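Notes follow once the structure below has been shown.
The values are calculated or read from the model by the stated rules, or taken from the named source; none is laboratory data. Computed from a predicted structure; not experimentally measured. Note that we place each Cβ from the backbone using ideal geometry, even for glycine, and neighbour counts take in every protein chain shown. Each accessible area value is taken on the protein alone, full model and side chains, heavy atoms only, with ligands, DNA and RNA left out. Shrake-Rupley method; radii C 1.70, N 1.55, O 1.52, S 1.80 Å.
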Amino acid sequence: MRKIKISRLVFNIFNYTFFSVFVIMCLFPLWYVFCYSISEPEAVSHTIVIYYPHGFSLKNIQRVLALKGFFNSVVISTARTVIGTVLSVICNTWMGYVFTKNKLPARKFIYRFFVITMYISGGMIPSFLVIKAYGLLNNFWVYILPSVLSAYNIILCKTYIESIPSSLEESAYLDGAGPVQSFIHVIFPLAKPISATIGIYAAVGHWNSWFDNKIYTFAKKSLTTMQFLLYRYLNEAQQLANLLESGHEDLINNEEALITPWGVKMTITMLTVLPIMVVYPFLQRHFVKGIMIGAVKG
Amino acid sequence: MSAKIKTRKKISKYQWKLLLLTAPFIVYFAMFHYVPLFGWVISFFDYRVGRGLTPDKFVGLKYFKNIFTDRDILGSLKNTLVFSALNYILYPLPMIIAILFGEMTNKWFRKTAQIVTTIPHFIGWVIVYSLAYAIFSSEGLFNETMIALGLEKRTNLLTNLDAVYVFQTIVAQWKGIGWSAIIYIAAMAGIDQELYEAAAIDGAGRVAKTMHITIPMLMPTLITLMIIGIGRFINTGYEHYLAFKNPIVAERLEVLDLYIYRMGLQLGDYSYATAVGILKSIISIIMVFSVNALAKKVRGNSVL
């Protein structure tokens, strides 16, 4: 009996230590960047190890706010997140609702038409050429349109809405409500759990997105998102090297090619990740619900 | 009779409305999902930007044949397989983490740990790269700490060619493992408590309960995920690898998806890059469906 207790104790010590280290590994990088951003820039040149803020200063943040294009990138990132999320929620829930209607002509065919897209896609190059043909290059809507609807989200909504008792909608129908009215007044309020989940995933996806910025709107600086702005700053040393290598020294004179202080990069990182860190604790439950719904489907 | 006609009329108006309100979305799917599929035809032509697909540019399977004589592609194929294999070997890790989670009796700590370890999943790849840069680059925290401790040897993990495979796999696991554990935690919550009680009566300790109840009950989930994972073997995605790419490590970081990106969008060889993409799609579809068929035979139900 005693022996078991000792082995249990050893295990517990190991287990709690393991998870403490894991938790620190997840939080520490964010903490480090945070400390760096709010420290006195003079006190923390990047050759100093810091595990806590050295002094307190808003200089780094002021410098970032004064960066050309930073404020604009905040506007673009926010706009795409808000517009993209709202449209995704409305359109996916609506389509999910429509697919619960037996009355929809050619329902099976349309449903399959959508679902096939989960398994096969044109791929990067054809998609790029199509976006280009639609005139969406260097256009704000290229952030929004390609990801508004997804067959997967539609299936999630359809499955959820099917579980809502149809009697609720029937009474609206008998009152003379058309599909749109009963969607707005009956279904949409009842489908909140699923639309919230879809909305949160869409919002995080939009906020973190940068590849579309890199390939579709690269040439238009006014459409730079926060993530891509950070990406550019992080890679500027490499870009500089590329320019030198290719003999374009003349281009180096523009301000972006100059090396940005480490503190500025860290502060942009902090400001970019901050919105997610702020909302995460409150929405954590919805995130978990999302994976569960997906798991049931999968 | 008249009542019947009336209802039929009403329904058809309703149907008409439904169809009208669905039409824009059908058009949407056609525009953004099906038109790109037609774009596959450019792999049979000598496609150049700004010129149409005239019959004299038709080259048949030339670009598909090129794939098999392309030496460059072998490197990225190898990288893809190495990354996928490393991540595949680690598939049971989230299950182990979930079991260890379950062994913690302090509810507050368990909950906090669970919330915190899922955070990295929601951090974008650019941020992950930035954090890695802050810590592991030559002047980052890791090196400075080492030097402060008297171990004077600067290594930049971000530009270390020998460490690429292991380092990137660790980064991927750091980002995803807490999240992947959730599915097992949920599965564990669904295990009938009576099983444990019965085992306790038979004298089973914690280890025996884990080995004989928890793990067998979680195996179907693990197997399902591993089956699905096979279908994703050559689709590593590009965001992770593109964010971490630099000229020094490119040789081992360039996965197939990035190869397509470089050949197509950076070097402008649209037809060839499309051909590679098509071959990749076909292979992964075949893998998904054959694995699904296999799963059907073995388990009696499909995973798709």
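Would you calculate, for chain B, the mean residue ellipticity at 222 nm contributed by helices, counting each DSSP H stretch of 4 or more residues as -39,500 (n - 2.57) and dividing by all residues, to the nearest 500? Can you show the working numbers first?
Numbers: 16 runs with 202 residues, N = 304.
The helix-only estimate for chain B comes to -21000 deg cm²/dmol at 222 nm.
If we count every other residue with Cβ under 14 angstrom of B:Met211's Cβ, Lys/Arg +1 and Asp/Glu -1, where does the sum land? Could the numbers behind the result be given before it?
Numbers: positive: B:Arg206, B:Lys209; negative: B:Glu103, B:Asp202.
Overall, the nearby charge balance is 0.
At 1.4 Å probe size, what's the solvent-accessible area of A:Cys35? Round to the nearest 10 Å².
Roll a 1.4 Å probe over it and A:Cys35 shows about 0 Å².
If exposed means no more than 11 neighbouring beta carbons inside 10 Å and the site is in a DSSP loop, what's the longest run of chain A without any exposed chymotrypsin sites (Phe, Trp or Tyr not before Pro)?
Numbers: sites that count: A:Tyr51, A:Phe56.
Excluding the exposed sites themselves, the longest stretch runs over A:57-298.
In degrees from 0 to 90, rounded to the nearest 10, what is the angle of the helix A:70-98 Cα long axis to the longest principal axis of chain A?
Here the helix axis deviates by roughly 20 degrees.
Under the definition of partner shielding as Cβ atoms of other protein chains within 10 Å of a residue Cβ, what is the mean value for peptide B:36-42? All intermediate terms of the calculation are to be shown ahead of the outcome.
Working: counts 13, 9, 3, 9, 4, 1, 3.
For peptide B:36-42, the averaged partner shielding equals 6.
In a Gaussian network model over chain B where Cα atoms closer than 10 Å are linked, find which of B:Leu294, B:Leu218, B:Leu18 has the largest mean-square fluctuation.
B:Leu18
By a straight-distance test (C-alpha under 20 Å), which aspartates and glutamates pair with A:Lys101 as possible cross-link partners, with residues fewer than eight away in the same chain excluded?
Of all the aspartates and glutamates, those that pass the test against A:Lys101 - Cα under 20 Å, at least 8 places apart if same chain - are A:Glu162, A:Glu169, A:Glu170, A:Asp175.
How high is the relative contact order of the range A:75-297, in percent, counting Cα pairs under 8 Å that sit 6 or more residues apart? Working shown, then result.
On the way: 174 pairs, mean separation 63.9, N = 223.
Answer for the range A:75-297 is 29 percent.
What number, in percent, do you get for the relative contact order of the range B:148-304 if the mean sequence gap of Cα pairs under 8 Å and at least 6 apart is divided by its residue count? Kindly include the intermediate steps, with their values, before the conclusion.
Values: 96 pairs, mean separation 36.8, N = 157.
Answer for the range B:148-304 is 23 percent.
For the cross-link pairs A:Lys220/B:Lys78; A:Lys103/A:Lys192; A:Lys59/B:Lys153; A:Lys103/B:Lys296, which exceed 29 Å when the distance is taken from alpha carbon to alpha carbon?
A:Lys220/B:Lys78; A:Lys59/B:Lys153; A:Lys103/B:Lys296, as the Cα separations exceed 29 Å there.
Rounded, prolate or oblate: pick one for chain A, where a ≥ b ≥ c are the square roots of the eigenvalues of its C-alpha gyration tensor, a/c under 1.5 means rounded, and failing that, prolate if a/b is larger than b/c, else oblate. Could you put the intermediate results ahead of the total?
Values: a/c = 2.33, a/b = 1.33, b/c = 1.75.
Oblate, since a/c reaches 1.5 and b/c is not below a/b.
Under a Cβ-Cβ cut-off of 14 Å, what is the net charge of the residues other than A:Lys214 that fall near it, where Lys and Arg count +1 and Asp and Glu count -1?
Values: positive: A:Lys220, A:Lys221, A:Arg232, B:Lys245, B:Arg262; negative: A:Asp212, B:Glu239, B:Asp257.
Its environment carries a net charge of +2.
Taking a probe of 1.4 Å and counting only protein heavy atoms, give the total accessible area buried between chains A and B in Å², rounded to the nearest 100. Show your work: numbers first, answer last.
Details: alone 18790 and 19880 Å², together 30240 Å².
Adding both sides of the contact gives about 8400 Å².
Using the structure shown, select from B:Lys111/B:Lys175; A:Lys265/B:Lys111; A:Lys289/B:Lys107 the pairs with a Cα to Cα distance greater than 27 angstrom. Don't skip to the answer; put the middle values down first.
On the way: B:Lys111/B:Lys175 18 Å; A:Lys265/B:Lys111 33 Å; A:Lys289/B:Lys107 20 Å.
In this structure, A:Lys265/B:Lys111 exceed 27 Å between Cα atoms.
Given H placed 1.01 Å from N in the peptide plane, which residues other than close sequence neighbours of B:Phe45 have an amide H under 5 Å from its amide H?
Those lying under 5 Å, H to H, from B:Phe45 are B:Val59.
To the nearest 10 square angstrom, how much accessible area does B:Asp72 have with a 1.4 angstrom probe?
For B:Asp72, the solvent-accessible surface is approximately 90 Å².
Which whole-number value in Å² is the accessible area per residue of the protein assembly as shown, probe 1.4 Å? Could you put the intermediate results ahead of the total?
Values: 30240 Å² over 602 residues.
On a per-residue basis, the protein assembly as shown sits at 50 Å².
Exactly which GluC sites (Glu not before Pro) in the range B:47-155 are in a DSSP loop and have at most 13 other Cβ atoms within 10 Å?
Working: sites: B:Glu103, B:Glu139, B:Glu144, B:Glu152; in loops: B:Glu103, B:Glu139, B:Glu152.
Within the range B:47-155, the qualifying GluC sites (Glu not before Pro) (loop, at most 13 other Cβ atoms within 10 Å) are B:Glu152.
Taking a ≥ b ≥ c as the square roots of the Cα gyration tensor eigenvalues, with a/c under 1.5 meaning rounded and otherwise prolate when a/b beats b/c, else oblate, which class fits chain B?
It is oblate, given that a/c is not under 1.5 and a/b is not larger than b/c.
Pairs of alpha-carbon atoms within less than 8 angstrom and 6+ residues apart define the contacts here; what relative contact order does chain B have, in percent?
Computed over chain B, the figure is 26 percent.
Determine the gain in length on full extension of the stretch A:Ala133-A:Ile184; use 0.36 nm per residue of separation and subtract their C-alpha separation, reporting nm with one decimal.
On the way: separation 51, 0.36 × 51 = 18.36 nm, distance 3.52 nm.
Stretched out fully, the A:Ala133 to A:Ile184 stretch lengthens by 14.8 nm.
Mean-square fluctuation check for chain A, GNM, Cα pairs under 10 Å: which of A:Pro165, A:Pro146, A:Pro41 is largest?
Judging by the Gaussian network model, the answer is A:Pro165.
Nearest 20 debye, what's the magnitude of the dipole of the range A:75-297 about its Cα centre given +1 on Lys and Arg Cβ and -1 on Asp and Glu Cβ?
Working: 17 positive and 11 negative charges, 168 e Å.
The dipole magnitude comes to about 800 debye.
On a 0 to 90° scale, report how tilted helix A:2-38 is relative to the longest principal axis of chain A, with both axes built from alpha carbons and the result rounded to the nearest 10.
Rounded to the nearest ten degrees, it is 70.
As I understand it, the value is the acute angle between the Cα axis of helix A:151-162 and the longest principal axis of the Cα atoms of chain A; what does it come to in degrees, rounded to 10?
50
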